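Laboratory data are not the source of any read-out in this text; all were calculated from the coordinates shown. Predicted, not measured: the structure shown is a model, and the values here were computed from it. As a convention, Cβ positions derive from the backbone with ideal geometry for all residues, glycine included, and neighbour counts pool all protein chains shown.
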Amino acid sequence: MPESGEGVSFCRMPKSTELILALDVPDKAAAIAMLDRIGPDLKWVKIGLQLFVKEGPALLDAVAARGQSIFLDLKLHDIPNTVASAIRSLAGKPVGLLTIHAGGGREMVAAAAEAAQEALPGATVLAVTVLTSMNRATLADIGVDSETDEQVLRLARLALDGGAGGLVCSPQELRTLRNELGPDAVLVTPGIRPAGADLNDQQRVMTPADAAEQGSSYIVVGRPILKAEDPAAAVKAIQTELGA
């Protein structure tokens, strides 16, 4: 459940940095097959836009029935009423973490947080600041005349002031955000790659151990597990690196 502090609510921090598998697969059959290969040691899975659009909300129940907690990564970004209505449509579904875009503005964040409190008790709304595929040049392309870390901090403050329970951010901003927000802020970090892994389309990446050392609450890892010859062993190796 959320904890409050100086007007900002945060969900409880895990005792140590936890692994979330980005379940970026084409359909339910592939998702269930992957979870079967990994087994019960995995606690969290991230369901993104592609898989959710393909399979719909029923997929959430199927995954939760296997014992995993769900991070629903839809990155909602629309007018406040539309975002709130979309979240209310998830009422009763087993969602632990849910993403919105901080760039939607303070009013949208507040509407999302209120809707989640009503429809998904215990769930945490996470605000996405700057996508890990973006850098200074891509920010300039969309008219943002700021360094990446400056834009992240600006959007982080806006989102938390609006009622978000945590943030999604690149690991490179962890230290700054910890200094600004304190030890209780929930920080979820994609762009995590074990040493030697392909960077793919991620511009700002970090190893699991480094992300944990810099204060990540949850790390998100996809392809290094999904493409591994032994996904269960890949999960275990990352958990060992995290000290789990």
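Here is how the numbers come out for the structure above:
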{"read-out": "Percent RCO, i.e. relative contact order, over the chain, from Cα pairs under 8 Å lying at least 6 residues apart", "value": "23 percent"}
{"read-out": "Under DSSP loop assignment and at most 12 Cβ neighbours within 10 Å, longest GluC sites (Glu not before Pro)-free interval of the chain", "value": "7-146"}
{"read-out": "Of the DSSP H helices in the chain, those whose Cα atoms cover at least 18 Å axially and whose Kyte score averages -0.5 or more", "value": "106-119, 148-162"}
{"read-out": "Net charge over other residues, Cβ less than 12 angstrom from the Cβ of ALA156 (K, R count +1; D, E count -1)", "value": "-2"}
{"read-out": "Viscosity 0.890 mPa s, 25 °C: Kirkwood-radius Stokes-Einstein D of the chain over Cα pairs, µm²/s", "value": "136 µm²/s"}
{"read-out": "Net +/- balance of residues flanking GLY39 in space, Cβ distance below 13 Å, scoring K and R +1, D and E -1", "value": "+1"}
{"read-out": "Candidate lysines for bridging to LYS54, where Cα separation is under 24 Å - those fewer than 8 sequence places away on the same chain excluded", "value": "LYS28, LYS43, LYS46, LYS75, LYS93, LYS227"}
{"read-out": "Taking THR17, THR240 and counting other C-beta atoms within 10 Å, the order from fewest to most", "value": "THR240, THR17"}
